[in-house]
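All remarks here apply to the structure that follows.
What follows draws every value from the coordinates through simple rules; no lab data is involved. It should be emphasised that the depicted structure is a prediction, and the values quoted were computed from it without experimental measurement. Cβ coordinates were reconstructed from backbone atoms using ideal geometry, including for glycine residues, and neighbour counts include every protein chain displayed.
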Amino acid sequence: MALVTTKEMFAKAIKSDYAIGAFNVNNMEIIQGIVEAAQIENAPLILQVSAGARKYAKPIYLLKLVEAAIEDTGVDVALHLDHGEDFDICKKCVDDGFTSVMIDGSKHPFEENIALTKQVVEYAHAHGVSVEAELGKLAGVEDNVKVDARSATFTDPDEAAEFVERTGVDSLAIAIGTSHGAYKFKGEPYLDFERLKKIHGLIPDTPLVLHGASSVLKEFVDRCNEFGGEIPGAQGVPEDMIHEAVKYGICKVNVDTDLRLAMTAEIRRVLAEHPEEFDPRKYLGPGRDAITRMVQHKIRDMLNASGTK
Ligand code: G3H
Ligand code: 13P
Ligand code: ZN
């Protein structure tokens, strides 16, 4: 499979202050929609597969679909395991031909996270595969705790430097206030940029990863709500905060929720406006096109992040 690694992508991104979009894939339409956007924008791309995606679509389908997308379009794609929870799943993905894996040991104590990450790094590197690890815990707005209490779970800069040194990991996901899903903040969006600056200052050559980085674009939230959805109060990471994060070492920006919202908004619209329609191609097709437009926007925004300084 003509997949590429993230090594070169990140080396260029970190030097030129832009980020690569890492988009979660779950079915054919999502893969096609994203890859078409990267083809139009002539941009490097990371497609990532979660445990949920593997369960939903079966790993073999996702692999073959990604392979087909590359053959069809010629786009350079890095295929990445998102939130691998143990050594076995990382090993399986390395063996299957993924070019990058994430070992998410963030729920373990520091020393256990180091030991687990080292084990994955050793296996993956022996097979030419890059490794992302995570230190610190992503917040959840549902945690309903104050920022100062939440920040106790944010990534400690000194630990981050020690972690990278001792594990030999290629990139590091950090916790500075983002969370997964469509409800990231209750009040004003807040990210701990001082912490990010410190982390980047200590490990300037390590590509940093921002999980929970969807912007929850108003256009799609409004369209979902207009056509029967109920997602009031959804809030993401404002795009100017993504630009700011890119200045301080963020090279990989993880996006899943924005894909879900774009596709769902368009499917809702088509079904509401055409209640007589029952051919899945008639709503999945527009859903796929909505993903392409949204991903084009995200890719441009991330590639031009430094232009906004
Ligand atoms: O990490 C979160 C991603 O959005 C994947 O979500 O586990 O529902 O596939 P998922
Ligand atoms: P979002 O829920 O903000 O899209 O985050 C996705 C993610 O971090 C996948 O690992
Ligand atoms: Zn994540």
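Some points to look at:
- Here the extension length gained between F193 and H108 equals 28.1 nm, from 0.36 nm per residue of separation less the Cα-Cα distance.
- Counting only DSSP H runs of at least 4 residues, each contributing -39500 (n - 2.57), and dividing by the residue count of the chain, the helix-based mean residue ellipticity at 222 nm comes to -16000 deg cm²/dmol.
- Highest mean packing first, where packing is the average number of other Cβ atoms within 10 Å per residue, the peptides 285-291, 37-43 line up as 285-291, 37-43.
- Here the alpha carbons of region 108-252 define both size measures, Rg and Dmax, at 16.7, 51 Å.
- Shown is the FRET efficiency for E85 and E230, computed with R0 = 30 Å from the Cβ-Cβ distance and rounded to the nearest 0.05: 0.45.
- Over all other residues within a Cβ to Cβ distance under 14 Å of A126, the charged ones net out to -1, with Lys and Arg as +1 and Asp and Glu as -1.
- With the simple model of a label 7 Å out from the Cα in the direction of the Cβ, Y61 to E219 spans 2.9 nm.
- Protection-proxy order for peptides 158-164, 98-104, 79-85, 55-61, each taking the mean of Cβ atoms within 10 Å per residue, highest first: 98-104, 79-85, 158-164, 55-61
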